[in-house]
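Have a look at the structure below, then the notes.
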Amino acid sequence: MSPTKKRASAPELPPVSLSESDGVRYLHLDTPWVQGAMRVKKPYDIELAYVQRMMAWMLMRPAEALDDGHAVQLGLGAAAITKFCHRRLGWRCTAVELNPEVINVCRHWFRLPPDDERLHVIEADAAAYVADPAHAGTADVLCVDLYDHEAASPVLDDADFYRACHRLLAPGGVMSVNLFGRDASFERSLAHIAAAFPGETLWSLRPTREGNTIVLACREVPPLPRAVLAERAENIETRFGLPARKWPRMMKPVSSS
(Lines give C-alpha, C1' and ligand atoms only; values in the text may rest on other atoms or scores of the structure.)
Protein backbone atom coordinates (compact mmCIF):
# COMPACT_ATOMS: atom_id res chain seq x y z
CA MET A 1 0.00 0.00 0.00
CA SER A 2 1.24 3.48 -0.74
CA PRO A 3 0.30 7.10 -1.13
CA THR A 4 0.44 8.12 -4.76
CA LYS A 5 0.07 11.87 -4.97
CA LYS A 6 0.86 14.94 -2.92
CA ARG A 7 -1.87 17.39 -2.00
CA ALA A 8 -1.41 21.11 -1.50
CA SER A 9 -2.81 20.92 2.02
CA ALA A 10 -0.43 18.11 2.99
CA PRO A 11 2.81 18.48 1.05
CA GLU A 12 4.80 16.19 3.30
CA LEU A 13 4.57 12.45 2.83
CA PRO A 14 4.06 10.39 5.99
CA PRO A 15 7.19 9.09 7.72
CA VAL A 16 7.97 5.40 7.54
CA SER A 17 8.33 3.29 10.67
CA LEU A 18 9.09 -0.37 11.37
CA SER A 19 7.98 -2.93 13.90
CA GLU A 20 8.87 -6.58 14.40
CA SER A 21 7.04 -9.48 16.03
CA ASP A 22 7.54 -13.26 15.97
CA GLY A 23 10.14 -13.06 13.23
CA VAL A 24 8.09 -10.80 10.94
CA ARG A 25 9.11 -7.23 10.11
CA TYR A 26 6.32 -4.76 9.35
CA LEU A 27 6.27 -1.46 7.49
CA HIS A 28 4.01 1.40 8.65
CA LEU A 29 3.29 4.92 7.39
CA ASP A 30 2.95 6.99 10.58
CA THR A 31 0.08 4.80 11.86
CA PRO A 32 -0.27 1.26 13.29
CA TRP A 33 -1.75 0.09 9.95
CA VAL A 34 0.45 -2.52 8.29
CA GLN A 35 1.57 -1.41 4.82
CA GLY A 36 3.80 -4.43 4.17
CA ALA A 37 5.59 -7.32 5.87
CA MET A 38 8.51 -9.70 5.50
CA ARG A 39 9.47 -12.82 7.42
CA VAL A 40 13.08 -12.04 8.28
CA LYS A 41 14.37 -15.56 7.67
CA LYS A 42 12.44 -15.89 4.39
CA PRO A 43 12.82 -12.45 2.79
CA TYR A 44 11.76 -13.52 -0.70
CA ASP A 45 8.58 -15.30 0.37
CA ILE A 46 5.27 -13.42 0.47
CA GLU A 47 4.10 -13.19 4.07
CA LEU A 48 0.69 -11.49 4.04
CA ALA A 49 -2.34 -13.48 2.88
CA TYR A 50 -3.80 -10.70 0.75
CA VAL A 51 -0.47 -10.14 -1.02
CA GLN A 52 -0.28 -13.87 -1.75
CA ARG A 53 -3.75 -13.66 -3.30
CA MET A 54 -2.64 -10.73 -5.45
CA MET A 55 -0.43 -13.29 -7.19
CA ALA A 56 -3.56 -15.13 -8.42
CA TRP A 57 -2.92 -13.39 -11.73
CA MET A 58 -0.53 -16.32 -12.32
CA LEU A 59 -3.60 -18.52 -12.91
CA MET A 60 -4.41 -16.49 -16.01
CA ARG A 61 -1.17 -17.50 -17.75
CA PRO A 62 -0.18 -20.94 -19.09
CA ALA A 63 2.66 -22.62 -17.20
CA GLU A 64 5.17 -21.86 -19.94
CA ALA A 65 4.24 -18.15 -19.82
CA LEU A 66 5.30 -17.88 -16.16
CA ASP A 67 8.97 -17.93 -17.11
CA ASP A 68 9.14 -14.49 -18.69
CA GLY A 69 7.31 -11.18 -18.62
CA HIS A 70 7.18 -7.61 -17.32
CA ALA A 71 5.54 -7.02 -13.94
CA VAL A 72 4.60 -3.50 -12.85
CA GLN A 73 3.75 -2.75 -9.22
CA LEU A 74 1.99 0.48 -8.22
CA GLY A 75 2.69 1.15 -4.54
CA LEU A 76 5.83 -0.58 -3.33
CA GLY A 77 4.74 -1.49 0.20
CA ALA A 78 7.44 -3.77 1.62
CA ALA A 79 8.37 -4.82 -1.94
CA ALA A 80 7.09 -8.39 -1.53
CA ILE A 81 5.55 -8.67 -5.00
CA THR A 82 8.46 -6.99 -6.76
CA LYS A 83 11.02 -9.20 -4.98
CA PHE A 84 9.05 -12.36 -5.76
CA CYS A 85 8.61 -11.53 -9.44
CA HIS A 86 12.26 -10.49 -9.78
CA ARG A 87 13.89 -13.34 -7.86
CA ARG A 88 11.48 -16.28 -8.05
CA LEU A 89 9.93 -15.73 -11.48
CA GLY A 90 12.95 -14.08 -13.08
CA TRP A 91 10.77 -11.39 -14.63
CA ARG A 92 11.59 -7.83 -15.58
CA CYS A 93 10.07 -5.65 -12.86
CA THR A 94 9.10 -2.01 -12.51
CA ALA A 95 7.89 -0.63 -9.17
CA VAL A 96 6.38 2.85 -8.92
CA GLU A 97 6.43 4.53 -5.50
CA LEU A 98 5.93 8.19 -4.63
CA ASN A 99 7.52 8.17 -1.18
CA PRO A 100 11.35 8.08 -1.41
CA GLU A 101 11.58 6.99 2.23
CA VAL A 102 9.58 3.84 1.44
CA ILE A 103 12.06 2.99 -1.30
CA ASN A 104 15.02 3.63 1.01
CA VAL A 105 13.55 1.52 3.82
CA CYS A 106 12.81 -1.34 1.43
CA ARG A 107 16.42 -1.27 0.24
CA HIS A 108 17.86 -1.32 3.76
CA TRP A 109 15.33 -3.34 5.80
CA PHE A 110 13.28 -5.48 3.39
CA ARG A 111 16.01 -6.92 1.16
CA LEU A 112 14.93 -5.08 -2.00
CA PRO A 113 17.94 -5.49 -4.31
CA PRO A 114 19.50 -2.59 -6.21
CA ASP A 115 18.27 -1.82 -9.68
CA ASP A 116 19.70 -3.95 -12.45
CA GLU A 117 18.81 -4.84 -16.03
CA ARG A 118 15.59 -6.51 -14.81
CA LEU A 119 14.63 -4.26 -11.89
CA HIS A 120 13.67 -0.59 -11.95
CA VAL A 121 12.23 1.16 -8.90
CA ILE A 122 10.86 4.55 -9.92
CA GLU A 123 10.06 7.41 -7.56
CA ALA A 124 6.97 8.74 -9.31
CA ASP A 125 3.23 9.32 -9.16
CA ALA A 126 1.35 6.16 -10.09
CA ALA A 127 -1.36 8.08 -11.92
CA ALA A 128 1.22 9.84 -14.09
CA TYR A 129 3.00 6.56 -14.82
CA VAL A 130 -0.06 4.71 -16.09
CA ALA A 131 -1.24 7.76 -18.07
CA ASP A 132 2.07 8.10 -19.94
CA PRO A 133 1.48 6.94 -23.55
CA ALA A 134 5.06 5.65 -23.64
CA HIS A 135 4.05 2.90 -21.19
CA ALA A 136 0.95 1.72 -23.06
CA GLY A 137 0.90 -2.02 -23.70
CA THR A 138 4.13 -2.65 -21.77
CA ALA A 139 2.91 -4.59 -18.70
CA ASP A 140 2.10 -8.29 -18.72
CA VAL A 141 1.04 -7.97 -15.09
CA LEU A 142 -0.01 -4.88 -13.16
CA CYS A 143 -0.33 -5.13 -9.36
CA VAL A 144 -2.16 -2.18 -7.79
CA ASP A 145 -2.01 -1.62 -4.01
CA LEU A 146 -2.48 2.12 -3.47
CA TYR A 147 -3.54 3.26 -0.02
CA ASP A 148 -2.71 6.29 2.08
CA HIS A 149 -1.26 6.08 5.58
CA GLU A 150 -4.74 5.60 7.08
CA ALA A 151 -5.38 2.60 4.76
CA ALA A 152 -9.02 3.67 4.51
CA SER A 153 -9.66 3.31 0.77
CA PRO A 154 -7.70 3.34 -2.49
CA VAL A 155 -6.14 6.71 -3.30
CA LEU A 156 -6.53 6.19 -7.05
CA ASP A 157 -9.88 4.55 -7.70
CA ASP A 158 -11.86 6.15 -10.51
CA ALA A 159 -12.75 4.77 -13.93
CA ASP A 160 -10.23 7.04 -15.68
CA PHE A 161 -7.40 5.57 -13.60
CA TYR A 162 -8.51 2.01 -14.33
CA ARG A 163 -8.88 2.81 -18.04
CA ALA A 164 -5.25 3.94 -18.00
CA CYS A 165 -4.38 0.66 -16.28
CA HIS A 166 -6.16 -1.23 -19.08
CA ARG A 167 -4.11 0.66 -21.67
CA LEU A 168 -0.91 -0.15 -19.77
CA LEU A 169 -1.54 -3.89 -20.11
CA ALA A 170 -0.28 -5.84 -23.08
CA PRO A 171 -2.78 -8.20 -24.77
CA GLY A 172 -3.09 -11.20 -22.47
CA GLY A 173 -2.14 -9.04 -19.48
CA VAL A 174 -3.77 -9.06 -16.05
CA MET A 175 -4.32 -6.36 -13.44
CA SER A 176 -4.46 -7.48 -9.79
CA VAL A 177 -6.01 -4.94 -7.40
CA ASN A 178 -6.25 -4.93 -3.62
CA LEU A 179 -9.61 -3.63 -2.38
CA PHE A 180 -11.16 -3.68 1.06
CA GLY A 181 -14.12 -5.99 0.57
CA ARG A 182 -15.81 -5.00 3.84
CA ASP A 183 -15.51 -1.28 3.14
CA ALA A 184 -18.54 0.48 1.71
CA SER A 185 -16.37 1.60 -1.21
CA PHE A 186 -15.86 -1.92 -2.54
CA GLU A 187 -18.89 -2.07 -4.84
CA ARG A 188 -18.08 1.39 -6.19
CA SER A 189 -14.47 0.39 -6.86
CA LEU A 190 -15.58 -2.79 -8.59
CA ALA A 191 -18.00 -0.81 -10.77
CA HIS A 192 -15.18 1.52 -11.82
CA ILE A 193 -12.98 -1.44 -12.77
CA ALA A 194 -15.80 -3.07 -14.74
CA ALA A 195 -16.45 0.20 -16.59
CA ALA A 196 -12.76 0.44 -17.53
CA PHE A 197 -12.58 -3.20 -18.69
CA PRO A 198 -15.79 -3.56 -20.75
CA GLY A 199 -16.35 -7.04 -22.09
CA GLU A 200 -13.23 -8.35 -20.41
CA THR A 201 -12.81 -11.24 -17.97
CA LEU A 202 -12.99 -10.18 -14.32
CA TRP A 203 -12.60 -12.30 -11.20
CA SER A 204 -13.09 -11.48 -7.52
CA LEU A 205 -11.49 -13.52 -4.73
CA ARG A 206 -13.05 -14.19 -1.35
CA PRO A 207 -12.10 -11.50 1.22
CA THR A 208 -9.30 -12.24 3.66
CA ARG A 209 -10.04 -12.26 7.39
CA GLU A 210 -8.97 -8.61 7.48
CA GLY A 211 -11.35 -7.71 4.65
CA ASN A 212 -9.02 -7.38 1.67
CA THR A 213 -10.58 -8.53 -1.59
CA ILE A 214 -8.43 -9.10 -4.66
CA VAL A 215 -9.91 -8.35 -8.08
CA LEU A 216 -8.33 -9.66 -11.29
CA ALA A 217 -9.08 -7.71 -14.46
CA CYS A 218 -7.82 -9.16 -17.73
CA ARG A 219 -7.09 -7.75 -21.15
CA GLU A 220 -8.01 -10.16 -23.93
CA VAL A 221 -7.94 -13.24 -21.70
CA PRO A 222 -10.95 -15.54 -22.21
CA PRO A 223 -12.76 -17.06 -19.22
CA LEU A 224 -11.04 -20.23 -18.04
CA PRO A 225 -12.72 -23.50 -17.00
CA ARG A 226 -12.37 -24.50 -13.38
CA ALA A 227 -10.39 -27.58 -14.36
CA VAL A 228 -7.77 -25.41 -16.09
CA LEU A 229 -7.55 -23.10 -13.08
CA ALA A 230 -7.07 -26.09 -10.76
CA GLU A 231 -4.34 -27.56 -12.97
CA ARG A 232 -2.49 -24.28 -13.13
CA ALA A 233 -2.87 -23.77 -9.38
CA GLU A 234 -1.27 -27.16 -8.74
CA ASN A 235 1.69 -26.17 -10.90
CA ILE A 236 2.09 -22.78 -9.20
CA GLU A 237 2.04 -24.24 -5.69
CA THR A 238 4.49 -26.99 -6.62
CA ARG A 239 6.93 -24.74 -8.45
CA PHE A 240 6.76 -21.53 -6.46
CA GLY A 241 5.47 -22.42 -3.00
CA LEU A 242 2.47 -20.10 -3.06
CA PRO A 243 -0.79 -21.43 -1.54
CA ALA A 244 -2.37 -21.52 -4.99
CA ARG A 245 -4.45 -24.72 -4.78
CA LYS A 246 -7.14 -22.89 -2.79
CA TRP A 247 -7.33 -19.86 -5.09
CA PRO A 248 -9.74 -21.31 -7.67
CA ARG A 249 -12.21 -22.15 -4.88
CA MET A 250 -12.06 -18.51 -3.76
CA MET A 251 -12.73 -17.05 -7.20
CA LYS A 252 -16.00 -15.97 -8.72
CA PRO A 253 -16.55 -14.27 -12.08
CA VAL A 254 -17.64 -10.64 -12.12
CA SER A 255 -19.72 -9.15 -14.90
CA SER A 256 -17.93 -6.39 -16.85
CA SER A 257 -20.88 -5.63 -19.14
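The values are calculated or read from the model by the stated rules, or taken from the named source; none is laboratory data. Predicted, not measured: the structure shown is a model, and the values here were computed from it. Cβ atoms come from the backbone with ideal geometry, glycine included; neighbour counts cover every protein chain shown. Please note that ligands, DNA and RNA were not included when accessible areas were found on the heavy atoms of the full protein model with its side chains. Shrake-Rupley method; radii C 1.70, N 1.55, O 1.52, S 1.80 Å.
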(request) Would you work out which of ALA227, PRO243, ALA80 lies farthest towards the positive end of the dipole of the chain? Charges go on Cβ: Lys and Arg +1, Asp and Glu -1. (result) ALA227
(request) Just subtract the alpha-carbon distance of VAL228 and VAL254 from 0.36 nm times their residue separation and send over the number in nm, one decimal. (result) 7.5 nm
(request) Rounded to the nearest 0.05, what FRET efficiency do SER185 and LYS42 give with R0 = 30 Å and r taken as the Cβ-Cβ distance? Could you check? (result) 0.35
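At 222 nm, what value in deg cm²/dmol follows for the chain if DSSP H runs of at least 4 each add -39500 (n - 2.57) and the sum is divided by all its residues, to the nearest 500?
Details: 8 runs with 66 residues, N = 257.
Value at 222 nm, helices only, nearest 500: -7000 deg cm²/dmol.
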(request) Please provide three numbers in whole Å: the alpha-carbon extents of the chain along the principal axes, with the largest listed first. (result) 46, 40, 37
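For a protection proxy built on the mean count of beta-carbon atoms within 10 angstrom, sort 230-241, 52-63 highest first, please. Could you put the intermediate results ahead of the total?
Numbers: 230-241: 16.2, 52-63: 21.0.
Packing proxy ranking, top to bottom: 52-63, 230-241.
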(request) Sticking with the crude label model, points 7 Å out along Cα→Cβ, report the distance from ASP68 to LYS246 in nm, one decimal please. (result) 3.5 nm
(request) Run the accessible area of the chain with a 1.4 Å probe and give the carbon-and-sulfur part as a rounded percent. (result) 52 percent
(request) Tell me the label-point distance for the pair SER21, GLU237, using the 7 Å Cα-to-Cβ offset, in nm and rounded to one decimal. (result) 2.8 nm
(request) Whole number in Å², please: accessible area per residue of region 16-244, 1.4 Å probe, ligands, DNA and RNA not counted. (result) 40 Å²
(message) Antiparallel versus total DSSP beta bridges in the chain: what percent is that, nearest 5?
(response) 60 percent
